[in-house]
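Everything on this sheet refers to the single structure shown next.
The values are calculated or read from the model by the stated rules, or taken from the named source; none is laboratory data. The shown structure was predicted, so the numbers you read here are calculated from the model rather than taken from an experiment. Please note: Cβ atoms are built from the backbone with ideal geometry, for glycine as well, and neighbour counts cover all protein chains shown. When the accessible area is computed, the model is the full protein with side chains, heavy atoms only, and any ligands, DNA or RNA have been set aside. Shrake-Rupley method; radii C 1.70, N 1.55, O 1.52, S 1.80 Å.
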Amino acid sequence: MNNLELEKLLNQKLSPELIKDYCPNGLQVEGKEEVRKVLTGVTASKALIEKAIETQADAILVHHGYFWKGEAEPIRGMKGNRLRTLIKNDINLYAYHLPLDIHPELGNNAKLAELLDIRVEGGLEPTPQSVALYGELAEPIMADEFAKRIAVALGREPLHIAPEFDMPIKKVGWCTGGGQDYIDLAAKMGLDAFISGEISERTTYSAREQNIHYFSAGHHATERYGIKALGEWLAQEHGMNVEFIDIDNPV
(Lines give C-alpha, C1' and ligand atoms only; values in the text may rest on other atoms or scores of the structure.)
Protein backbone atom coordinates (compact mmCIF):
# COMPACT_ATOMS: atom_id res chain seq x y z
CA MET A 1 0.00 0.00 0.00
CA ASN A 2 1.19 3.53 -0.74
CA ASN A 3 2.33 5.33 2.45
CA LEU A 4 0.03 8.31 1.87
CA GLU A 5 -2.90 6.01 1.14
CA LEU A 6 -2.20 4.23 4.43
CA GLU A 7 -2.34 7.56 6.27
CA LYS A 8 -5.64 8.38 4.56
CA LEU A 9 -7.05 5.00 5.60
CA LEU A 10 -5.98 5.47 9.23
CA ASN A 11 -7.37 9.01 9.29
CA GLN A 12 -10.71 7.80 7.99
CA LYS A 13 -10.88 5.23 10.79
CA LEU A 14 -9.70 7.45 13.66
CA SER A 15 -10.92 10.95 12.60
CA PRO A 16 -8.03 12.94 14.17
CA GLU A 17 -9.50 16.20 12.86
CA LEU A 18 -12.28 15.99 15.45
CA ILE A 19 -10.08 16.40 18.54
CA LYS A 20 -7.49 18.93 19.66
CA ASP A 21 -4.29 17.11 20.59
CA TYR A 22 -0.81 17.74 21.99
CA CYS A 23 1.00 16.39 18.92
CA PRO A 24 0.42 15.90 15.18
CA ASN A 25 -1.57 12.78 14.32
CA GLY A 26 -0.91 10.81 11.16
CA LEU A 27 2.30 10.43 9.15
CA GLN A 28 4.96 12.15 11.29
CA VAL A 29 8.08 10.98 9.42
CA GLU A 30 7.80 10.13 5.72
CA GLY A 31 9.73 7.13 4.44
CA LYS A 32 9.48 4.80 1.44
CA GLU A 33 6.38 5.03 -0.73
CA GLU A 34 5.44 1.34 -0.66
CA VAL A 35 4.45 -0.09 2.72
CA ARG A 36 4.42 -3.89 2.87
CA LYS A 37 5.16 -4.56 6.55
CA VAL A 38 4.00 -2.49 9.53
CA LEU A 39 5.32 -2.73 13.08
CA THR A 40 2.99 -1.51 15.84
CA GLY A 41 3.94 -0.54 19.39
CA VAL A 42 3.04 1.85 22.19
CA THR A 43 5.96 4.29 21.82
CA ALA A 44 8.36 5.11 18.99
CA SER A 45 11.41 4.36 21.11
CA LYS A 46 14.90 3.50 19.90
CA ALA A 47 14.23 -0.15 20.73
CA LEU A 48 11.11 -0.24 18.55
CA ILE A 49 12.93 1.45 15.65
CA GLU A 50 15.73 -1.11 15.91
CA LYS A 51 13.14 -3.90 15.86
CA ALA A 52 11.65 -2.38 12.69
CA ILE A 53 15.06 -2.41 11.03
CA GLU A 54 15.66 -6.00 12.17
CA THR A 55 12.32 -7.19 10.78
CA GLN A 56 12.61 -5.07 7.61
CA ALA A 57 9.41 -3.15 8.36
CA ASP A 58 8.50 -0.27 6.06
CA ALA A 59 6.47 1.58 8.68
CA ILE A 60 6.01 1.97 12.41
CA LEU A 61 2.55 2.74 13.82
CA VAL A 62 2.43 3.93 17.44
CA HIS A 63 0.34 5.65 20.08
CA HIS A 64 3.19 7.86 21.35
CA GLY A 65 5.06 9.49 18.50
CA TYR A 66 7.08 12.71 18.32
CA PHE A 67 6.79 16.52 18.16
CA TRP A 68 4.88 17.12 21.40
CA LYS A 69 3.80 20.62 22.37
CA GLY A 70 6.31 22.17 24.77
CA GLU A 71 9.18 19.83 23.92
CA ALA A 72 12.55 21.23 22.85
CA GLU A 73 12.59 21.94 19.12
CA PRO A 74 16.24 21.26 18.16
CA ILE A 75 16.85 17.94 16.40
CA ARG A 76 19.66 16.69 18.64
CA GLY A 77 20.43 14.10 21.31
CA MET A 78 17.88 11.30 21.71
CA LYS A 79 15.39 13.02 19.41
CA GLY A 80 18.03 13.49 16.70
CA ASN A 81 19.21 9.88 16.97
CA ARG A 82 15.69 8.52 16.57
CA LEU A 83 14.86 10.72 13.57
CA ARG A 84 18.19 10.09 11.83
CA THR A 85 17.69 6.34 12.20
CA LEU A 86 14.18 6.47 10.74
CA ILE A 87 15.25 8.64 7.79
CA LYS A 88 18.45 6.68 7.11
CA ASN A 89 16.42 3.46 6.90
CA ASP A 90 13.54 5.04 4.95
CA ILE A 91 10.95 3.99 7.58
CA ASN A 92 7.57 5.73 7.81
CA LEU A 93 6.35 6.73 11.28
CA TYR A 94 2.62 7.06 11.93
CA ALA A 95 1.30 8.15 15.34
CA TYR A 96 -2.20 8.55 16.77
CA HIS A 97 -2.56 9.86 20.31
CA LEU A 98 -5.95 11.05 21.62
CA PRO A 99 -7.85 9.76 18.54
CA LEU A 100 -6.71 6.27 19.52
CA ASP A 101 -7.61 6.81 23.18
CA ILE A 102 -11.20 7.75 22.41
CA HIS A 103 -12.12 5.50 19.48
CA PRO A 104 -15.27 3.58 20.52
CA GLU A 105 -14.18 0.32 18.87
CA LEU A 106 -10.35 0.24 18.77
CA GLY A 107 -9.51 2.82 21.43
CA ASN A 108 -7.41 2.29 24.53
CA ASN A 109 -10.35 3.07 26.79
CA ALA A 110 -12.73 0.80 24.89
CA LYS A 111 -10.23 -2.06 25.02
CA LEU A 112 -9.58 -1.58 28.74
CA ALA A 113 -13.32 -1.82 29.37
CA GLU A 114 -13.41 -5.12 27.46
CA LEU A 115 -10.49 -6.52 29.44
CA LEU A 116 -12.06 -5.62 32.78
CA ASP A 117 -15.67 -6.52 31.89
CA ILE A 118 -16.98 -2.99 32.35
CA ARG A 119 -20.14 -1.97 30.49
CA VAL A 120 -19.51 1.47 28.97
CA GLU A 121 -22.23 4.03 29.74
CA GLY A 122 -20.71 7.30 28.55
CA GLY A 123 -18.02 9.94 28.89
CA LEU A 124 -17.00 11.76 32.05
CA GLU A 125 -16.64 15.00 30.12
CA PRO A 126 -19.68 16.78 28.60
CA THR A 127 -18.41 16.34 25.04
CA PRO A 128 -18.81 13.67 22.36
CA GLN A 129 -14.99 13.32 22.36
CA SER A 130 -14.58 12.69 26.08
CA VAL A 131 -11.20 11.10 26.80
CA ALA A 132 -12.38 9.55 30.08
CA LEU A 133 -15.27 7.08 30.33
CA TYR A 134 -17.52 5.59 32.97
CA GLY A 135 -19.59 2.43 33.26
CA GLU A 136 -20.70 -0.43 35.48
CA LEU A 137 -19.57 -3.88 36.47
CA ALA A 138 -22.07 -6.72 36.14
CA GLU A 139 -21.93 -7.31 39.90
CA PRO A 140 -20.45 -5.35 42.83
CA ILE A 141 -16.94 -6.47 43.74
CA MET A 142 -14.62 -5.73 46.65
CA ALA A 143 -11.50 -3.69 45.97
CA ASP A 144 -9.00 -6.49 46.53
CA GLU A 145 -10.82 -8.70 44.03
CA PHE A 146 -10.99 -5.88 41.50
CA ALA A 147 -7.25 -5.28 41.92
CA LYS A 148 -6.68 -8.96 41.14
CA ARG A 149 -8.84 -8.66 38.02
CA ILE A 150 -6.74 -5.73 36.82
CA ALA A 151 -3.49 -7.58 37.57
CA VAL A 152 -4.58 -10.66 35.61
CA ALA A 153 -5.83 -8.62 32.65
CA LEU A 154 -2.77 -6.37 32.35
CA GLY A 155 -0.03 -8.59 33.74
CA ARG A 156 0.90 -5.93 36.28
CA GLU A 157 -0.07 -5.34 39.91
CA PRO A 158 -1.96 -2.03 40.19
CA LEU A 159 -1.30 0.49 42.93
CA HIS A 160 -4.52 0.81 44.92
CA ILE A 161 -5.36 3.92 46.94
CA ALA A 162 -8.33 3.15 49.16
CA PRO A 163 -10.83 5.79 50.30
CA GLU A 164 -11.38 6.63 53.97
CA PHE A 165 -14.55 4.54 53.98
CA ASP A 166 -14.14 1.23 52.17
CA MET A 167 -17.04 0.03 50.01
CA PRO A 168 -17.69 -2.42 47.19
CA ILE A 169 -17.16 -1.31 43.59
CA LYS A 170 -19.96 -1.20 41.03
CA LYS A 171 -19.68 2.12 39.16
CA VAL A 172 -16.26 2.71 37.58
CA GLY A 173 -14.56 5.53 35.67
CA TRP A 174 -11.32 5.17 33.73
CA CYS A 175 -8.84 6.90 31.46
CA THR A 176 -5.78 5.08 30.18
CA GLY A 177 -2.30 6.61 30.34
CA GLY A 178 -1.82 9.86 32.23
CA GLY A 179 -5.48 10.47 33.08
CA GLN A 180 -5.24 10.52 36.87
CA ASP A 181 -6.73 13.98 37.28
CA TYR A 182 -10.08 12.80 35.91
CA ILE A 183 -10.56 11.25 39.34
CA ASP A 184 -12.21 14.49 40.49
CA LEU A 185 -14.87 14.27 37.78
CA ALA A 186 -15.39 10.62 38.70
CA ALA A 187 -15.86 11.55 42.35
CA LYS A 188 -18.36 14.30 41.48
CA MET A 189 -20.38 11.71 39.55
CA GLY A 190 -20.49 9.48 42.62
CA LEU A 191 -18.49 6.64 41.08
CA ASP A 192 -17.01 3.98 43.33
CA ALA A 193 -13.63 3.70 41.61
CA PHE A 194 -11.40 5.31 39.02
CA ILE A 195 -8.62 3.64 36.99
CA SER A 196 -5.79 5.25 35.09
CA GLY A 197 -2.22 4.51 34.14
CA GLU A 198 -0.28 7.00 36.21
CA ILE A 199 -0.60 8.48 39.68
CA SER A 200 0.41 11.87 41.09
CA GLU A 201 1.09 12.83 44.68
CA ARG A 202 -2.23 14.69 44.78
CA THR A 203 -4.17 11.67 43.55
CA THR A 204 -3.79 9.94 46.91
CA TYR A 205 -5.63 12.72 48.73
CA SER A 206 -8.27 13.01 46.02
CA ALA A 207 -9.11 9.34 46.48
CA ARG A 208 -9.05 9.35 50.27
CA GLU A 209 -10.95 12.59 50.82
CA GLN A 210 -13.56 12.09 48.08
CA ASN A 211 -14.29 8.50 49.08
CA ILE A 212 -13.37 6.83 45.79
CA HIS A 213 -11.05 3.91 45.07
CA TYR A 214 -8.12 4.69 42.78
CA PHE A 215 -6.15 2.14 40.78
CA SER A 216 -2.93 3.14 39.04
CA ALA A 217 -2.44 0.33 36.53
CA GLY A 218 0.53 1.61 34.50
CA HIS A 219 0.70 4.05 31.58
CA HIS A 220 2.24 1.51 29.20
CA ALA A 221 0.16 -1.39 30.50
CA THR A 222 -3.16 0.40 29.98
CA GLU A 223 -2.23 1.61 26.49
CA ARG A 224 -0.98 -1.56 24.81
CA TYR A 225 -4.33 -2.65 23.53
CA GLY A 226 -5.54 0.20 21.31
CA ILE A 227 -2.51 0.18 19.02
CA LYS A 228 -2.55 -3.62 18.96
CA ALA A 229 -6.21 -3.58 17.95
CA LEU A 230 -5.54 -0.96 15.26
CA GLY A 231 -2.85 -3.17 13.75
CA GLU A 232 -5.14 -6.19 13.85
CA TRP A 233 -7.80 -4.15 12.04
CA LEU A 234 -5.29 -3.27 9.31
CA ALA A 235 -4.37 -6.94 8.94
CA GLN A 236 -7.88 -8.36 9.00
CA GLU A 237 -9.74 -5.71 7.01
CA HIS A 238 -7.02 -4.59 4.60
CA GLY A 239 -4.73 -7.59 4.31
CA MET A 240 -1.60 -5.86 5.57
CA ASN A 241 1.38 -7.61 7.16
CA VAL A 242 1.33 -6.23 10.72
CA GLU A 243 3.30 -7.27 13.81
CA PHE A 244 2.79 -5.93 17.34
CA ILE A 245 5.95 -5.50 19.41
CA ASP A 246 5.61 -4.94 23.16
CA ILE A 247 8.72 -3.11 24.36
CA ASP A 248 8.86 -3.67 28.13
CA ASN A 249 8.13 -0.56 30.20
CA PRO A 250 7.37 -0.87 33.95
CA VAL A 251 5.77 2.59 34.20
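Overview of results
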item	result
Failed item in (1) buried (at least 18 other Cβ atoms within 10 Å of the Cβ); (2) touching a Leu at 6+ places or on another chain (Cβ under 8 Å), with LYS228 passing the rest	(2)
Within the range 182-218, tally of residues that are under 26 Å from LEU14 (Cα atoms) and open to solvent by 40 Å² or more (accessible area, probe 1.4 Å)	3
Whichever residue in the range 144-181 is among the aromatic types (Phe, Trp, Tyr) and buried (at least 21 other Cβ atoms within 10 Å of the Cβ) and, among such residues, is farthest from PRO104 (Cα to Cα)	PHE146
Contacts under 9 angstrom Cβ, first residue in the range 37-59 being part of a loop (DSSP other than H, G, I, E, B), partner among the aromatic types (Phe, Trp, Tyr), 6 or more apart	ALA44/TYR66
Members of the range 44-90 found to be surrounded by fewer than 16 Cβ atoms within 10 Å (Cβ to Cβ) and acidic (Asp, Glu), listed by number	GLU50, GLU54, GLU71, GLU73, ASP90
